[in-house]
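Take a look at the structure below.
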Amino acid sequence: MKRLFGLGAVMLVLVGAAAFTPAASASIVVGKSIDGVKLGDTQARVLQVLGQPDSREHGWDYLRGLEGRVSFDSHKRVGGIWTGSRQQKTSKGIGPGSSLAKLKRAYPRIRCETGPFGPQSLMCVIRSRLHGRKVETSFPFFTEAMGVREVDLDLL
């Protein structure tokens with residue numbers, strides 16, 4: 001009986017510790033990076049972080065992990081990243097599949113307007129700056145009921 005209590009206490013401590021470390025496990029950093037790839041990174045750095053892409057037709061597509069694309073500017077540096085993976089989340093728990101209500105609670109200053117996928121769609125955007133350049137972190141919705149479709153980071 002003592003042994004079971006000790007194991008339960010250890011499990012409770014581990015679960016509690018995990019609950020207080022969301023920022024450490026965030027794979028989306030609003031205005032900066034997704035899955036360890038940062039805006040402005042070199043192609044060599046992307047290969048180091050994500051490995052070889054599955055396709056290089058319109059940017060570098062990754063079907064596993066990122067489940068998205070990395071695009072490059074004319075200097076072959078990361079100018080945009082998007083992910084459709086439900087495993088990728090911000091420090092506030094927002095990612096593909098998140099509801100509009102949860103997104104607005106997490107980021108109350110976010111701006112949302114009709115999106116590019118028709119009258120039911122939404123595009124919610126957080127604008128910021130990185131190294132003096134404008135950045136948009138976008139959360140598109142096909143419809144509000146479907147949740148966040150993907151998360152996009154773009155240097156402007």
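Observations, loosely collected:
- Looking across the range 92-115, the residues that are in contact with a strand residue (DSSP E or B) (Cβ under 9 Å, 6 or more places away or on another chain) and within 21 Å of Glu67 (Cα to Cα) come down to Ile94, Gly95, Pro96, Ser98, Leu103.
- Test: residue in the range 83-98 that is over 12 Å from the mean Cα position of the chain (by Cα) and hydroxyl-bearing (Ser, Thr, Tyr): no
- Test for Leu39: is it in contact with an Asp or Glu (Cβ under 7 Å, 6 or more places away or on another chain) and at pLDDT 90 or above: no
- Strands (runs of 3 or more DSSP E) (entirely within the range 97-156) containing at least 2 residues that are free of Cβ contacts under 8 Å to residues at least 24 places away in the same chain, surrounded by 15 or more Cβ atoms within 10 Å (Cβ to Cβ) and out of contact with any Gly (no Cβ under 8 Å at 6 or more places or on another chain): 133-141
- Residue match in the range 111-129 (condition: among the aromatic types (Phe, Trp, Tyr) and at pLDDT 95 or above): no
- The set of residues from the range 63-77 being crowded, with 17+ Cβ neighbours inside 10 Å and touching a residue at least 60 places away in the same chain (Cβ under 8 Å) comprises just one member, Gly68.
- The residues listed here are Gly93, Gly84; of these, the one that is in contact (Cβ under 8 Å) with a residue 40 or more places away in the chain, surrounded by fewer than 16 Cβ atoms within 10 Å (Cβ to Cβ) and under 14 Å from Ile28 (Cβ atoms) is Gly93.
The values are calculated or read from the model by the stated rules, or taken from the named source; none is laboratory data. All values derive from a computational prediction rather than experimental measurement. Counting neighbours? That spans all protein chains shown, and the Cβs are built from the backbone with ideal geometry, glycine included.
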